[in-house]
Every structure is written in C-alpha cells, then in structure tokens.
Amino acid sequence: SVNLANSFNNRLAYNVGKAIGQECEIYNVNVLLGPAMNIKRDPRCGRNFEYFSEDPLLAGLMAANYVNGVQSNNVAACLKHFAANNSENYRYMGSSILDERALHEIYLKPFEIATKIAHPKTIMCAYNQVNGVPCSENKYLNVDVLRRLWGYRGLVMTDWGATKDRVKGVQAGIDLDMPGDVKYNKKQL
C-alpha cells in the first residue's frame, strides 16, 4: 500500500483494487479484509507497510479508489483498522489519547473520505482504545460518527479477538464479532 500511495495515482489504486477483486472472485472470496488505512504516526508500527500514508487526504483518496476497484467485482472491501491504530506494542490494551480536532482532522479523515466516496461494504474496528474506550465498544466512533455523521450503512466487524464486552459492542454498533463462535461472547448476549 505504501508504494501504491507513493505513486499519487488514483487510477493505479483503482486498477490494483480491481485486479485483487478479480482474484478474490476466482477463489470465491466474498470479503477482502483491506485496505488498511491508518495514519503512519509511529515508525515502530509493525503495520506501516500496509498503511497508505501519513497524509489523511492521500490515504483517503487512495483507499477510496482501491475500494471502488475491489468492489467493481462483487467483492466487499473492508476498511481497517477503525480508528487511530498506530502501534503494535500493547495493541490490545493501548489507548490513543486524542483531542477532538486531531481525531477528526488526522485519524478519522481518511476513513471519512473513503467511506463517503467508495461506500465500502464493511469496516473493521481496531484493537486499541480511543480516549480510554475500546474501539469494539466505542459508540462515539461506530454510531455517532460512522453511521450518523457520515451516513455509513454497511457492516461493522471487530478485528480478530478485539471484542472485550460483546453486549457493549452490540450497543456500540458492532454488527459482527470476529472470528465468531466465541462461546463466552455468545453467552454474554
């Protein structure tokens, strides 16, 4: 993704997404778990290679074109990891502490751009917390911003094992608990 973004070529992003979507169709893959589009803020982040950029506008536009390419093949794309996921250290318990302006202008902006332009079929929440609330339980992110403010109508899922409290997750707009079939989470519901 980083090399794709370095091209600054939206058409290329679309064509790469389309080619990957075609391959997904060949192998009967219904949902491509990508693109990953968090902002590169920490050089130690182990996933920087799969994030587009440190620039919110570039990341959002590249992701939107990539998603449009993937979804042109009847394959759902999945924007991830929503949101403010910048570190592999303590990824299950770390909290990104952000003021409202930084959250919206830097960390949420690429997701907003891609969501409004490309209408991805799915979005995956991150493991981390945002301002002390796990993304899998974050009503502000998943309902207030994503659904109400941006008008998103697709499916919101957790990253694998990101669920902390399944009941709070449902209340916070999480539609699908991945990898699913976790007995403890079913019992909570």
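The values are calculated or read from the model by the stated rules, or taken from the named source; none is laboratory data. Quick caveat: nothing in here was measured; it's all calculated off a predicted structure. Positions of Cβ are generated from backbone atoms using ideal geometry, with glycine treated the same way; all protein chains shown enter the neighbour counts. Remember, those area values only see protein heavy atoms, side chains included, never the ligands or the DNA or RNA. Shrake-Rupley method; radii C 1.70, N 1.55, O 1.52, S 1.80 Å.
Over the range 1-52, the fraction of Cα-Cα pairs per 5 Å bin, rounded to whole percents and listed from the shortest bin up, is 5, 18, 24, 21, 17, 11, 4, 1.
Long hydrophobic helices in the chain, taken as whole DSSP H segments with a C-alpha length of 20 Å or more on their own axis and mean Kyte-Doolittle hydropathy at least -1.0: 10-26, 56-71. Unpaired Cys in the chain, meaning no second Cys C-beta under 4.7 Å: Cys24, Cys45, Cys78. Lys168 sits with roughly 110 Å² accessible to a 1.4 Å probe, with DNA, RNA and ligands left out of the calculation. Taking every alpha-carbon pair within the chain, the share separated by more than 31 Å comes to 12 percent. In the context of the full set of protein chains, the chain has a per residue accessible area of 49 Å² (1.4 Å probe). Lys and Arg at +1, Asp and Glu at -1: add these up for the other residues within a Cβ distance under 11 Å of Glu105 and post the number. Spelling it out: positives minus negatives among the neighbours equals -1.
Take the residue pairs Lys121/Lys183; Lys80/Lys109; Lys164/Lys187; Lys18/Lys164; Lys139/Lys186; Lys40/Lys186 and return only those whose Cα atoms are more than 24 Å apart. Don't jump to the answer; show the numbers that get you there.
Values: Lys121/Lys183 27 Å; Lys80/Lys109 13 Å; Lys164/Lys187 13 Å; Lys18/Lys164 35 Å; Lys139/Lys186 20 Å; Lys40/Lys186 35 Å.
From the list (Lys121/Lys183; Lys80/Lys109; Lys164/Lys187; Lys18/Lys164; Lys139/Lys186; Lys40/Lys186), the Cα-Cα distance tops 24 Å for Lys121/Lys183; Lys18/Lys164; Lys40/Lys186.
Reported to the nearest whole Å, the Cα centre-to-centre distance from the range 40-56 to the range 79-133 is 12. A straight chain from Leu98 to Asp55 at 0.36 nm per residue would run longer than the Cα-Cα distance by 13.8 nm.
What a 1.4 Å probe finds exposed on the range 126-189 is 56% carbon and sulfur by accessible area, rounded to a whole percent. Dividing the summed helix terms, -39500 (n - 2.57) for each DSSP H run of n ≥ 4, by the number of residues in the chain produces a 222 nm estimate of -9500 deg cm²/dmol to the nearest 500. Normalised size of the range 46-95, defined as Cα radius of gyration per 2.2 N^0.38 Å with N residues, equals 1.32.
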